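A quick write-up on the structure given underneath.
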Amino acid sequence: MVVEPTPLSASNPRIASLRRLSGRRKARLEAGRFVVEGPVPIAELLASGADLVELYVDLDQWTQVDDRSPLRSVVRDADAAGVPVWGLTSSVFATVSDTSSPQGALALAIRSVAPVSSLADLDGPVLVLVDISDPGNAGTLVRAAEAAGCAGVVFAGTSTDPFGPKAVRAAAGSIVRLPVAEESETLLALEALESGGRMLVGTVVDGGVAPEATDLSGSVAILIGSEAHGLSSEVIAACTATITIPMQSAVESINAAVAGAVVLFEAARQRRNA
């Protein structure tokens with residue numbers, strides 16, 4: 001069966017709503033929705049059981065691809081799942097896209113967050129992102145957390161929106177498969193995790209113990225600080241232990257996503273060996 005997107009006019013109110021959701025965190029919070037772009041990330045979300053509300057397709061790209069293309073495939077999958085499929089002209093699609101080279105598909109999904117306290121009893125470490133501002137780093141860390149067997153991820157302090165378009169692209173299906181919590185008051189998040197039996201382990205540029213010399217096999221919460229300033233002295237003081245990744249040469253620090261992945265997979269190695 002051939003599925004054809006239903007064309008929308010440029011004045012349709014759905015388009016103005018999409019622009020707000022794509023560009024504003026407040027709009028996503030109020031609507032309880034988020035935007036994911038690209039046929040491959042959308043297909044992964046569908047396969048992960050995400051609740052897609054609507055799918056939008058660039059009609060010009062639609063006419064230029066064959067039935068085996070990712071764009072046609074994701075439209076068939078969305079239609080089979082009962083998701084309405086709408087068509088936009090390329091010029092209109094570009095106004096709602098968050099990328100410089102739109103890939104022809106954009107979906108609206110349900111935004112779902114978990115309470116911080118609900119993560120404390122789950123199996124595996126909890127990753128806590130404190131004031132992480134780069135959405136690419138944030139999404140990459142969510143994906144790494146799932147791959148390393150984490151119980152969930154907490155976005156604390158002034159961290160970027162886990163459901164912003166760039167973070168969602170970087171996390172792909174992990175953003176719906178892994179529990180994600182938000183708490184603007186970092187110390188409240190840490191208190192909830194600690195009271196649930198989690199040992200707080202902060203990552204610092206220097207002065208900490210090497211990851212392999214720290215017991216990460218138990219119930220831990222691993223804290224990654226902001227790209228520019230790391231963890232604050234107040235947050236470090238709340239931690240039971242601090243770890244520093246040993247590095248050679250004149251390199252002083254590494255990307256937050258890389259540092260987080262190193263520590264997460266060290267924790268995974270320890271759990272396998274325990």
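The values are calculated or read from the model by the stated rules, or taken from the named source; none is laboratory data. Please read these numbers as outputs of a predicted model, since none were measured by experiment. When we count neighbours, we look across all protein chains shown, and the Cβ atoms used for this are built from the backbone with ideal geometry, even at glycine.
Restricting to region 127-144, what's the tally of residues that are surrounded by 21 or more Cβ atoms within 10 Å (Cβ to Cβ), on the phi < 0 side of the Ramachandran plot and not in a helix (DSSP H, G or I)?
Residues meeting the conditions: 5.
Against the condition loosely packed, with under 15 Cβ neighbours inside 10 Å and either out of contact with any helix residue (DSSP H, G or I) (no Cβ under 7 Å at 6 or more places or on another chain) or under 25 Å from S174 (Cβ atoms) (or both), how does E30 come out, does it pass?
yes
Out of the residues in region 171-192 that are modelled with pLDDT under 95 and part of a helix (DSSP H, G or I), state the one that is surrounded by the fewest Cβ atoms within 10 Å (Cβ to Cβ).
Taking the candidates together, the pick is R177.
When you look at V262, is it touching a residue at least 40 places away in the same chain (Cβ under 8 Å), buried (at least 20 other Cβ atoms within 10 Å of the Cβ) and of a type outside the set (D, E), yes or no?
The answer is no for V262.
What residue, of D67, D123, is modelled with pLDDT under 95 and closer than 25 Å to E182 by Cα?
Step by step, each of D67, D123 is checked, and only D123 is modelled with pLDDT under 95 and closer than 25 Å to E182 by Cα.
For region 77-94, enumerate the residues that are crowded, with 16+ Cβ neighbours inside 10 Å and farther than 23 Å from S174 by Cα.
V85, W86, G87, L88, V92, F93 - these are the residues of region 77-94 that are crowded, with 16+ Cβ neighbours inside 10 Å and farther than 23 Å from S174 by Cα.
Would you tally the residues in region 65-115 being touching a residue at least 60 places away in the same chain (Cβ under 8 Å) and among the aliphatic types (A, V, I, L, M)?
13
Do we have V168 as modelled with pLDDT under 95 and within 20 Å of G32 (Cβ to Cβ) here?
The answer is yes for V168.
Give me the pairs: first residue in region 193-221 and under 19 Å from S232 (Cβ atoms) and surrounded by 15 or more Cβ atoms within 10 Å (Cβ to Cβ), second residue acidic (D, E) and modelled with pLDDT of 95 or more, beta-carbon distance under 8 Å, and six or more apart or on different chains, which are they?
L200/E194; A221/E194
Of all residues in region 97-117 being assigned to a strand (DSSP E or B) and small (G, A, S), which is surrounded by the fewest Cβ atoms within 10 Å (Cβ to Cβ)?
A109
Does region 224-236 contain at least one residue that is of a type in the set (D, E, K, R), assigned by TED's automatic domain parsing to the domain that holds A170 and within 13 Å of L129 (Cα to Cα)? Working first, answer last.
Restricting attention to region 224-236, the residues satisfying the condition of being of a type in the set (D, E, K, R) are 227, 234.
Subsequent filtering for residues that are assigned by TED's automatic domain parsing to the domain that holds A170 retains 227, 234.
Imposing the further condition that a residue be within 13 Å of L129 (Cα to Cα) reduces the set to 227.
Yes - at least one qualifying residue is present in region 224-236.
Any chance region 147-161 includes a residue that's surrounded by 21 or more Cβ atoms within 10 Å (Cβ to Cβ), part of a helix (DSSP H, G or I) and not acidic (D, E)?
no
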